[in-house]
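Contents: one structure, followed by commentary.
The values are calculated or read from the model by the stated rules, or taken from the named source; none is laboratory data. Note that this is a predicted model, so its numbers are computed, not measured. Every residue, glycine as well, gets a Cβ built from its backbone with ideal geometry; the counts of neighbours run over all protein chains shown.
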Amino acid sequence: MKRMQISVVIATYQRQALLRKCLKALQQQLLNKDCFEVIVVSDGPDEISADVVVEFEDGNRFRYLSLAEKRGPAAARNFGWLNARAPLIAFTDDDTLPNENWLNHLLGRADVSKPQAFTGRVIVPRFERPTDYELNTAGLETADFVTANCACTKAALIACGGFDERFSMAWREDSDLEFKLLQQNIPITKVDNAIVVHPVRAAKWGTSIDEQKKTLFNALLYKKFPKIYRERIQPKPPYLYYGILIALVTFLTGWVIGMPRTEIFGGIIWLLLTTFLVVKRLKQTSLKPAHILEMVYTSMLIPHLSLYWQWYGAIKYRTILP
């Protein structure tokens, strides 16, 4: 019997259709089946996901674990790698389709006796003019280090403490791990032939509004790594959003205190800046009427919600605004 060489950890929660497709792709890996295991960790009790994993039961190679309560994907991944039997841990998401040679290529570059990390290639299929949501998801293709396709030796994860569980949503927890690896001088190797496909799942109309809550974790990442954050995430504050907010406040102030010129000036500046944001978001995206309407509607709300959540994060984590 061959020695267990690599463990795949997948965080999930009640997304059985996506999880089943991901596990089917992992079942088709060309690596000898005795050399790898798949650990599915649910972010809270989840009988649906447990039943899916049972479908793939094969000599305890596909295992299901569950957190006692919802704590976020970072906590779920930590629970997974701490229970892994192999010295190399590969991470992917429940909505990906790993290539059949994914694990072979990661193993081919690893020396499990050393602290090392690896980042593979993510492919996001999309139309020539995708929706705004699809275009944002396509950003995974150019990201330096994402949990959709990365791997770390156990030695590396132990050295940097794994994922910071304060990142309780799927946002910035992978960048935090990357920055900790860099801080510990642990090499991160790009493995371009270790490929996962990340289809864009269906999203409800106006989903970008809900996504703004995640920006509260920008403040936590900035507090921990201000220099690297500026270099790799956000070189400067969101001046356009601040301009839109100031213009709206100017308009409302003029309206409330009865200063027509101030009201008109603020309204015109708000309209111009908001229109600029709409055009910017539509530049490379779908021009279907429903999508244009969505961009107009969400662009009127996003700057204010984004800044609100960033301020909320700055107060919560006691730091300055990123």
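Out of segment 118-141, which residues are of a type in the set (D, E, K, R), part of a helix (DSSP H, G or I) and either touching a strand residue (DSSP E or B) at 6+ places or on another chain (Cβ under 9 Å) or over 22 Å from Lys204 (Cα atoms) (or both)?
Scanning segment 118-141 gives a single hit, Glu141.
Just one of Glu263, Glu173 is among the acidic types (Asp, Glu) and within 19 Å of the chain's Cα centre (by Cα); which is it?
Only one candidate qualifies: Glu173.
Which fully enclosed strands (runs of 3 or more DSSP E) of segment 1-70 have 2 or more residues being under 21 Å from Phe118 (Cβ atoms)? Lay out the reasoning, then the answer.
Working: elements: 6-12, 36-42, 62-66.
So the answer is 6-12, 36-42.
Restrict the check to segment 81-99 and report whether at least one residue is assigned by TED's automatic domain parsing to the domain that holds Leu177, over 19 Å from Lys33 (Cβ atoms), of a type in the set (Ser, Thr, Tyr) and modelled with pLDDT of 95 or more. If you could, list the steps in order and put the result at the bottom.
Our first condition is that a residue be assigned by TED's automatic domain parsing to the domain that holds Leu177; within segment 81-99, this holds for 81-99.
From what is left, the residues that are over 19 Å from Lys33 (Cβ atoms) are 81-83, 91, 93-96.
Remaining after also requiring of a type in the set (Ser, Thr, Tyr): 96.
Restricting the remaining residues to those that are modelled with pLDDT of 95 or more gives 96.
Yes, because at least one residue in segment 81-99 is assigned by TED's automatic domain parsing to the domain that holds Leu177, over 19 Å from Lys33 (Cβ atoms), of a type in the set (Ser, Thr, Tyr) and modelled with pLDDT of 95 or more.
Can Val41 be described as more than 21 Å from Asn104 (Cβ to Cβ), buried (at least 19 other Cβ atoms within 10 Å of the Cβ), among the β-branched types (Val, Ile, Thr) and out of contact with any Ser or Thr (no Cβ under 8 Å at 6 or more places or on another chain)?
No: the conditions fail for Val41.
Does Asp192 meet the test of being of a type in the set (D, E, K, R) and either in contact with a Lys or Arg (Cβ under 9 Å, 6 or more places away or on another chain) or at pLDDT below 95 (or both)?
Working: of a type in the set (D, E, K, R): yes; either in contact with a Lys or Arg (Cβ under 9 Å, 6 or more places away or on another chain) or at pLDDT below 95 (or both): yes.
Yes; evaluated as a whole, the condition is true for this residue.
Answer with yes or no whether Leu181 is buried (at least 20 other Cβ atoms within 10 Å of the Cβ) and either assigned by TED's automatic domain parsing to the domain that holds Leu82 or in a loop (DSSP other than H, G, I, E, B) (or both).
Against the criterion (buried (at least 20 other Cβ atoms within 10 Å of the Cβ) and either assigned by TED's automatic domain parsing to the domain that holds Leu82 or in a loop (DSSP other than H, G, I, E, B) (or both)), Leu181 qualifies.
Could you grab me the full set of residues in segment 247-267 that are farther than 15 Å from Met300 by Cβ and part of a helix (DSSP H, G or I)?
The answer is Thr250, Thr253, Gly254, Trp255, Val256, Ile257, Pro260, Arg261, Thr262, Glu263, Ile264, Phe265.
Tell me the residue from Ala90, Ala86 that is part of a loop (DSSP other than H, G, I, E, B) and within 12 Å of Val8 (Cβ to Cβ), please.
Unique residue meeting the criteria: Ala86.
So how many residues does segment 261-300 have that are among the polar types (S, T, N, Q), in contact (Cβ under 8 Å) with a residue 24 or more places away in the chain and either farther than 15 Å from Tyr133 by Cβ or surrounded by 13 or more Cβ atoms within 10 Å (Cβ to Cβ) (or both)?
So the count comes out to 5.
For segment 128-161, name all the residues that are of a type in the set (Val, Ile, Thr), under 18 Å from Pro187 (Cβ atoms) and crowded, with 20+ Cβ neighbours inside 10 Å.
Val146, Thr153
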